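Just below is one structure, and these are the notes that go with it.
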Amino acid sequence: MNALPIDPPARLLMGPGPISAYPSVLTAMSAQLVGQYDPFMTSTMTETQALYRQVWATENDATFLVDSTSRGGIEAAMISLIRPGDRVLVPVFGRFGHLLAEIAERAMAEVHTIEVPWGQVFTPAAIEEAIVRVKPHLLGLVQGDTSTTMLQPLEDIGAICAKHGVLFYSDATASLGGNPFEADAWGLDAATAGLQKCLGGPSGSAPITLSERAVEIIRSRKKIEAGIREAGDEDAPDFVRSNYFDLGMILDYWGPRRLNHHTEATSMLYGARECARVLLGEGREAVRVRHELNGAAMLAGVRGLGLVVFGDVAHKMSNVVAVEIPDGVAGDAARQAMLDDFGIEIGTSFGPLHGRVWRIGTMGYNARKDAVLTTLAALEQVLRRFGATVPVGGGVDAALDVYTGHAEA
Ligand SMILES: *Cc1c(COP(=O)(O)O)cnc(C)c1O
């Protein structure tokens, strides 16, 4: 077989993630490799930790990367913080809440869930009521669930967890960078993310931050290495049941001891470092405001096309919107036409929303005026060709009004 060099088609990724990466992230990832303990490597790791402390708004020493996609970050946090039999509470408001519950189950937790219908979020009172009832060791709460586009408010949850002695973990994969996140001020014990949403990189690296309390729990787990088990552990083995995702070992690798664990994924490290550098260079608040502005323009635009927006819009993430597929329009075929005719990808949906809504994202590099307007212009044409009645220019006009209004403000 005579394979040609890789040459992907030109795409504008306007779905719920992954999104088109910042060009400088791609450049950073093509830089030459260095050895695992090269001074450049270790100093780049240390520098990346410092950058992500700012991204998370934390002073946590234990801020680093798990080499995997976002779900590896979730798995590392859960499997390292949960002992078999621990009670875990997961409030579920979409697909990723179910994922957290499943991973907790695999960590052999006693899992309790509460649910709200898709398109809604929990009140702090509902979460506190469940905490009082369940008395969990850990609360696992998604911040932004891309399956429903909802953003769960977290700012009051840390104090509730602290009051009841519960560890507070959040999956902020979809939301970090495009929405507020304050790891320390909100009392998070653990939080994980990925690069492929608002951080504007590829999937494959999971930034994580851990409070001192979380690190203490991880450090108190019994060790098992190369077949040698720590004593006193015979009846109820306590060691973390994963080598790759054992945060105690990963911490020793990133920490001053630099104990060998896996070989750090060098190109992903370069990419993750660049994602944080781009975000902090533009400014954390400026990036959040850019997501808010472009998300508002997309929201106004889809409404300007006569589309109905799904869910409690007051609690929507800034960076993704779900729109109901108009009656009579073939959803998958129309999405395919966006891709084939315009090179634009928008998202389909899962579970109860499957076949009902498209999800359109404005994240990272693509949280941009030209990307928003191009998507709306293409969507108007596709909707018309698929039989929907759409106001001529209604999407682009409504979005432009948002941008103009912003310019005057
Ligand atoms: C997109 C997303 C993920 C993605 O996980 P991967 O392993 O990177 O595919 C995880 N959690 C949430 C809330 C997400 O929105």
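The values are calculated or read from the model by the stated rules, or taken from the named source; none is laboratory data. Since the structure is predicted, the reported quantities are computational estimates derived from the model, not experimental observations. Ideal geometry is used to build each Cβ from the backbone, glycine not excepted, and the neighbour counts take in all protein chains shown. Remember, those area values only see protein heavy atoms, side chains included, never the ligands or the DNA or RNA. Shrake-Rupley method; radii C 1.70, N 1.55, O 1.52, S 1.80 Å.
Results, tabulated for the structure shown:
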item: The chain, accessible area per residue, ligands and nucleic acids excluded (1.4 Å, Å²); result: 42 Å²
item: Relative contact order, percent, the stretch 284-408 [alpha-carbon distance under 8 Å, six or more residues apart]; result: 36 percent
item: Residues whose placed amide H lies under 5 Å from that of E110, excluding near-sequence neighbours; result: G85, D86, R87, V88
item: Accessible-area composition of the chain, carbon plus sulfur, in percent [1.4 Å probe]; result: 54 percent
item: Between helix 394-408 and the chain: long-axis angle, C-alpha atoms, 0 to 90°, nearest 10; result: 70 degrees
item: Three-way shape call for the stretch 284-408 based on the alpha-carbon gyration tensor, with the a/c threshold at 1.5; result: prolate
item: Between the stretch 262-327 and the stretch 141-180, the alpha-carbon center distance in angstrom; result: 16 Å
item: Between helix 284-304 and the chain: long-axis angle, C-alpha atoms, 0 to 90°, nearest 10; result: 40 degrees
item: Acute angle (nearest 10 degrees) that the helix 369-385 long axis makes with the longest principal axis of the chain, alpha-carbon atoms; result: 60 degrees
item: Fraction of antiparallel bridges per DSSP, the chain only, in percent to nearest 5; result: 50 percent
item: Per-residue SASA entry for D401, accessible area with 1.4 Å probe, Å² rounded to 10; result: 110 Å²
item: Set of lysines with alpha-carbon distance to K369 below 23 Å, sequence-local pairs under 8 removed; result: K197, K316
item: Given charges at Cβ of Lys, Arg, Asp, Glu: the chain dipole, positive-most of G405, M41, L259; result: G405
item: Phi to ³J(HN,Hα) by Karplus 6.51 cos²θ - 1.76 cosθ + 1.60 over the stretch 152-164, Hz, x for Gly, Pro; result: 6, x, 10, 4, 9, 7, x, 5, 5, 4, 4, 4, 9
item: Solvent accessible area, Å² - E216, 1.4 Å probe, full protein context; result: 120 Å²
item: Per-residue HN-Hα couplings for the stretch 77-85 [Karplus 6.51, -1.76, 1.60; θ = phi - 60°; Hz; x = Gly/Pro]; result: 4, 5, 5, 8, 9, 10, 8, x, x
item: Using θ = phi - 60° and Karplus 6.51 cos²θ - 1.76 cosθ + 1.60, couplings along the stretch 171-182 (whole Hz; Gly, Pro as x); result: 8, 10, 3, 7, 9, 4, x, x, 9, x, 8, 9
item: Total charge dipole magnitude, the stretch 22-280, about the Cα centre, Cβ charges on Lys, Arg, Asp, Glu only, Debye to nearest 20; result: 260 debye
item: Whether the stretch 22-280 is rounded, prolate or oblate, judged on the alpha carbon gyration tensor where a/c under 1.5 counts as rounded; result: oblate
item: Largest-first ordering by accessible area, 1.4 Å probe, given options R359, R288; result: R288, R359
